[in-house]
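Just so you know, all these numbers are worked out from the coordinates, no wet-lab data involved. Note that the structure is predicted; figures quoted are calculated from it, not measured. So basically every Cβ, Gly included, is an ideal-geometry build from the backbone, and we count neighbours across all protein chains shown.
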Amino acid sequence: MYLFIIVIIVLILVFLWYMWFLQKRNGSELKIYEQHALDLKDDYLHDEIEQLEDMKLTGASLESFGKSKQEYSKQRNDTVPKVMADISNATSKNANFNVFGASSESKKISAQLADLQKHSDDISGNFSKIIESNKQNASTSETLHGEYETLRKEILTKSFNYGPATDKLETELNEIAEFLDEEDKLTEQGDHLEARQYLDDAKVKLAMINDQVSLIVPLYESLNKEYPGQIEEISSVYEKLVKQNYKFNQDIEQNIDAVNKNIEKSNKSLANLDFDMVDRTNEQISSDINDLYDVLSLEINSKRNVLKQQKPVLDYLNHAKYQHNHLDDTINRLSVNYVLDKDDMDDFKEHGTTLNRIVSEYDQDVQSIADKSIVYSKAERDFKQFIEDLDRIESREKSINDNLNQMLSSEQISRKSVEEYAQKVQIQKKTVEQLNLKGLPEDYLEYFYMVTDEIKKLYDGLNSERVNMEEISKQVIVSQEDLDNLMQKTKDLRSTVILTEKLFQYANRYASKDKNFQEELSHARSLFDEEFDYQQALSVISTALENIEPGSVSRIKDTISA
């Protein structure tokens, strides 16, 4: 019980201490707020208001000043006293230990004072803006007047740098003068804010004109000096070339006139300060002038090249004709006894047509040069094409000539090969005859006669009225392969026959001892002597011997190989 009483007493003391603490804090805050309110009620903008009233403002400046002054008066005489009354009420609550109510009121007062302070700062800022505007206007106006006079003097005294753009620049200068005059009037009347707007307009306009001037000078330099100078040079060179009987694919005078019209067009665009149009037109002028220079240079250089190339081209043409005629003689001679390649002959015929065309065109160009009616660039292109065509003809005709030589060489090789083939066939025939056989296998005979016929056809082809070496060369290759096969067949036949005969001789020792063996032996001899199936005869006798004496066939085969 005693402990409970002690706890209650402690809690009461803590509560009283906390109430005392809140009361002290509220009191301190309210004193600060009271001083803040007194400061806001004080006529702290009195000097600025007197200064602005002495400035005899008008227009937007007067309207802004009047509105801010009215708000300032209302705040000091109406809004702030109400806040001070709220502070007094909160102070009274706090003194009577209504600390929580006082604390709530204190927070509201703090927010109100913050709003009032911001509003007060805004009013002060508006007053300062008007005062500062007056000071800045004076400084800026003086600077802009100086810049305007300098720029005006520059444009008027050096109008030759701006050409047709001068009038437009002067018009824009007059606009700046009007802005400055209006600013002077408004400043004199006291409307400093509105005057500031005219100063800003004048500043922007001055900067724009300075930028325009920096663009105009090089553009007009091109239009007034560079392009006319180039056109004058081109016209002078053109006149000299015409007197020297130069001819052109283009109408140079019309192209020069087009450039002059574009120069005039660009000058008009410059007079209106239409820089985009000036840039586009000047690009076209530059391109056209470069094209004119290129055309004149092309004809001058082409004449020099044509006169330099005229004889070499003629020499090359004569050389090509000589080579062509010489090859023509060779073809005519060989075509009597040989069938020549169709593609080669078609190309050779086309070469003749091309050479005749080149001769005709060359003669026309040379005549035009003599008549002084030639466009030299065309003649140069013609000469270049002539050389390309002659290079192609020379290369192809060398290939044709090589093919003809190859054909003759192939004939010699083919004749030699056919002779060798015939000899090898005879060797195969003798090899078979030496075997003293009663007959030969049908497939061997057919293959032998096929190879013999192929060789005969080769003889006939090589000895025909017109030799077709293309076909013969193909057949020589085929015949070589068939002859190789025949030689292998002959070798295989000989080996089979010799081995079979050896086996027959060895088999005689068993002929009377085994009836089945005797029958197999008789069958094998029938295959050998009557049917000429030597391979089958070998197979039958080999099987029979292996059955009666294993390993005997291999042993006998080894004796033959040895």
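Structural remarks
- Radius ratio Rg over Rh of region 337-445, counting only Cα atoms, Kirkwood formula for Rh: 1.48
- Average silhouette area of region 481-533, convex hull of alpha-carbon atoms, in square nanometres: 4.0 nm²
- Unit Cα scatterers, Debye sum, region 407-498: log10 I(q)/I(0) for q = 0.14, 0.24, 0.25, 0.26 Å⁻¹: -0.53, -1.16, -1.24, -1.32
- Debye log10 I(q)/I(0) for region 258-341, one point scatterer per Cα, at q = 0.12, 0.15, 0.25 Å⁻¹: -0.63, -0.74, -1.07
- The value given for region 414-562 is a Kirkwood hydrodynamic radius of 17.5 Å, derived from the mean inverse Cα-Cα separation.
- Inter-part distance where region 435-457 and region 243-265 are each reduced to a Cα centre, Å: 90 Å
- The listed peptides 466-474, 535-543, ordered by packing as a protection proxy, come out as 535-543, 466-474 (highest mean of other Cβ atoms within 10 Å first).
- Here the Kirkwood formula puts the hydrodynamic radius of region 220-290 at 12.8 Å, using every distinct Cα pair.
- Over region 399-459, the ratio between the Cα radius of gyration and 2.2 N^0.38 Å evaluates to 1.58.
- J(HN,Hα) series, region 388-396, from Karplus relation 6.51 cos²θ - 1.76 cosθ + 1.60, nearest Hz, glycine and proline x: 4, 5, 5, 4, 5, 5, 4, 5, 5
- Between amide H atoms placed 1.01 Å from N, distances below 5 Å from Val467 occur with Tyr338, Val339, all of them 5 or more places distant or on a separate chain.
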